[in-house]
Amino acid sequence: MMNPTRREFLRDVAAGSAAVGAGWALGPRAAAAMLPSAAVSRLQARVQGQLVLPGDAHYDQSKRVFYWNPKTQRQPAIIVQCGHEDDAIRAVEFAREYALEVAVRSGGHSHLAWGSSDGLVIDLSRLKQVVIDPARKIVRAQAGAFGGEVARAAGEYGLVPVLGQCPGVSAIGVTLGGGLGWLSGLFGACCDNLLSARLVTADAKTLDVNAQSAPDLFWGLRGAGANFGVTTSFEARLHVIGSVLGGDVHFAVRDARAVLRGFREIMQAAPDEFQATLNLTPGERGLFISLCHSGAENEADSLLKQIQSLAPTVREVVQRQPFAKLAEKAAATNPGKGPALAFRGIHTVYRDRITDEIIDILIDQLATAAPDVVMGLSHYMHGEVCRVPSEATAFPHRQEHSVHLRVAYNWSDPEETERRFAWGEEWLRQLRPKSDERLYANYQTYETEVGSPSLFGSNHARLLALKAKHDPTNFFHRNANIAARRG
Ligand SMILES: Cc1cc2nc3c(=O)[nH]c(=O)nc-3n(C[C@H](O)[C@H](O)[C@H](O)COP(=O)(O)OP(=O)(O)OC[C@H]3O[C@@H](n4cnc5c(N)ncnc54)[C@H](O)[C@@H]3O)c2cc1C
């Protein structure tokens, strides 16, 4: 039997016939969900994974991603849980045929819930294969592998990957947007360590992209990668380091000003081997610095002493450990103990240095913050990631001493949504004016007046041309999207 065409599909929708999800009240989103059931069955027969449809037992769980809340949530018409890399090809073909908006999901940690959509979700999270080649110091992994899982596999061979600081973020998701982690001072951004990617393009073709086969596209994948297709697997460089000194040093919140100022001084002189994140909460976790030092023990001990001397410490959990153990530690933005909350929100801003004004704003905002709020200063930019020229990859924001600020919060009552966002947006309103409207793709939480030049800086024109060549209809747009300058 021939596949129904889009015209036939639209006719079926208009007639309300042969549709899955029958019995739904026909709302604006339900129309998108009315796919011909025969076409859905044919798709199921062609993929090795599972389809999840509205009304299925796992639908509510399967549609959700990390930053899910009443403003970001979506109701997918169909979720393709890929069981094989080629399932992504079938999913792209299907989405094209039925004109469905596509979301690509690996780890589901996008700040704007880009891993969900009202159309078709290509969910790669079950593709978990990770293969280490110890002789070549390379990892080959499928898209669903989390950062923590890759670190654990590499650690078994005494090797380390360059990935983000959250174990549950997918290794490929963080890399396609640039990628900043504990080891970026030593080895650059995650994307600087990418060697190749297997890509399913907007016209459902598979390409093996590397510096030789497609140098332009390979350049674009490293920072704007979600724009060009579905990366189903990839290869990245691994490194050798010894054990690391890592963990958390906690202080009383009343010492926040002294600790923030001291943190700034320590980071201004930080060696490449050192990275630290400062977290500030009004809750039981208080104020704490999470650190990782991957160099000589005497230098690590000296840096730890400097941190300990910033103010009286209230708790310390710092130890020498394999890097993989630190890499599997939960991110600071995760809510603390207690029952899981339904909704999460986040705002981020990129600033060129830690100023006294930033310190004042963070301390003032803390006074009115709900107990679940976690503010942070992450990825102090220094070392190798800043030595790589901004034009070397599509990821441009590599200024020394710049820093990423964030505030994350959690709630369960939908009635609280506006109030929680109003508080978060006030935090952003105060910190954003001096950001020069630069945005980091992996942390995008708002749009600027000019649009995507904020994300890609001096690389924007080259990326526009690449996007026009490889995805002229912007089929892949649930991402830090390349688009013409506004205004
Ligand atoms: C708790 C937490 C900690 C974080 N820590 C860091 C950090 O230390 N360093 C850092 O740089 N960033 C960090 N991030 C940001 C994170 O790197 C980005 O949000 C990243 O895009 C998430 O990837 P994902 O696959 O987990 O998420 P998803 O929501 O699945 O995807 C995010 C975006 O990438 C696209 N995408 C995902 N997989 C693919 C694929 N296989 N092919 C094509 N496009 C794809 C999606 O379409 C979407 O646009 C953190 C985020 C969270 C929530």
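Entry remark, the range 228-249: residues being under 20 Å from Trp182 (Cα atoms) and either open to solvent by less than 10 Å² (accessible area, probe 1.4 Å) or part of a helix (DSSP H, G or I) (or both) number 5 in total.
Screening Ile89, Ile172, Ile79 for residues that are in a helix (DSSP H, G or I) and assigned by TED's automatic domain parsing to the domain that holds Gly55 leaves exactly one candidate, Ile89. Could you tell me whether any residue of the range 277-285 is more than 16 Å from the ligand (Cβ to nearest atom), open to solvent by 40 Å² or more (accessible area, probe 1.4 Å), over 20 Å from Ser402 (Cα atoms) and outside the structural domain of Gly108 (by TED's automatic domain parsing)? Scanning the range 277-285 turns up at least one residue that is more than 16 Å from the ligand (Cβ to nearest atom), open to solvent by 40 Å² or more (accessible area, probe 1.4 Å), over 20 Å from Ser402 (Cα atoms) and outside the structural domain of Gly108 (by TED's automatic domain parsing).
State whether the residues of the range 183-195 include one that is aromatic (Phe, Trp, Tyr), buried (at least 24 other Cβ atoms within 10 Å of the Cβ) and on the phi < 0 side of the Ramachandran plot. Checked the range 183-195: no residue is aromatic (Phe, Trp, Tyr), buried (at least 24 other Cβ atoms within 10 Å of the Cβ) and on the phi < 0 side of the Ramachandran plot. Of all the residues in the range 250-265, those that are open to solvent by 20 Å² or more (accessible area, probe 1.4 Å) and not small (Gly, Ala, Ser) number 7.
Taking the range 288-388 and the helices (runs of 4 or more DSSP H) fully enclosed by it, the elements with 2 or more residues that are within 15 Å of the ligand (Cβ to nearest atom) and either assigned by TED's automatic domain parsing to the domain that holds Ala145 or open to solvent by less than 70 Å² (accessible area, probe 1.4 Å) (or both) are at 323-327, 384-387. Taking the criterion of being more than 14 Å from the ligand (Cβ to nearest atom) and of a type in the set (Val, Ile, Thr), the only residue of the range 69-83 that qualifies is Ile78. Just a yes or no: is a residue in the range 431-451 basic (Lys, Arg) and either under 30 Å from Asp203 (Cα atoms) or out of contact with any helix residue (DSSP H, G or I) (no Cβ under 7 Å at 6 or more places or on another chain) (or both)? Yes, there is a match, as at least one residue in the range 431-451 is basic (Lys, Arg) and either under 30 Å from Asp203 (Cα atoms) or out of contact with any helix residue (DSSP H, G or I) (no Cβ under 7 Å at 6 or more places or on another chain) (or both). Summed over the range 196-226, residues that are within 24 Å of Thr473 (Cβ to Cβ), among the polar types (S, T, N, Q) and either touching a Ser or Thr at 6+ places or on another chain (Cβ under 6 Å) or open to solvent by less than 30 Å² (accessible area, probe 1.4 Å) (or both) total 1. Does the range 396-407 contain any residue that is basic (Lys, Arg), touching a helix residue (DSSP H, G or I) at 6+ places or on another chain (Cβ under 9 Å) and crowded, with 18+ Cβ neighbours inside 10 Å? Looking for residues that are basic (Lys, Arg), touching a helix residue (DSSP H, G or I) at 6+ places or on another chain (Cβ under 9 Å) and crowded, with 18+ Cβ neighbours inside 10 Å, one finds at least one in the range 396-407, hence yes.
Which residue, of Val139, Val200, Val131, is within 12 Å of the ligand (Cβ to nearest atom) and either β-branched (Val, Ile, Thr) or over 21 Å from the mean Cα position of the chain (by Cα) (or both)?
Val200
The one condition from (1) within 13 Å of the ligand (Cβ to nearest atom); (2) surrounded by fewer than 24 Cβ atoms within 10 Å (Cβ to Cβ) that Gly178 does not meet is (2).
Checking each residue of the range 52-60 against the condition of being within 23 Å of the chain's Cα centre (by Cα), among the aliphatic types (A, V, I, L, M) and either surrounded by 24 or more Cβ atoms within 10 Å (Cβ to Cβ) or over 25 Å from Thr348 (Cβ atoms) (or both) gives no match. Taken over the range 84-110, the criterion of being open to solvent by 20 Å² or more (accessible area, probe 1.4 Å) and away from the ligand (no atom under 15 Å from the Cβ) is satisfied by Arg90, Glu93, Arg96, Glu97, Ala99.
The values are calculated or read from the model by the stated rules, or taken from the named source; none is laboratory data. The model shown is predicted, which means the values in this text are computed figures rather than measured ones. Note: ideal-geometry Cβ built from the backbone for every residue, glycine included; neighbour counts use all protein chains shown. Protein only, heavy atoms only, side chains kept; ligands, DNA and RNA dropped before computing areas. Shrake-Rupley method; radii C 1.70, N 1.55, O 1.52, S 1.80 Å.
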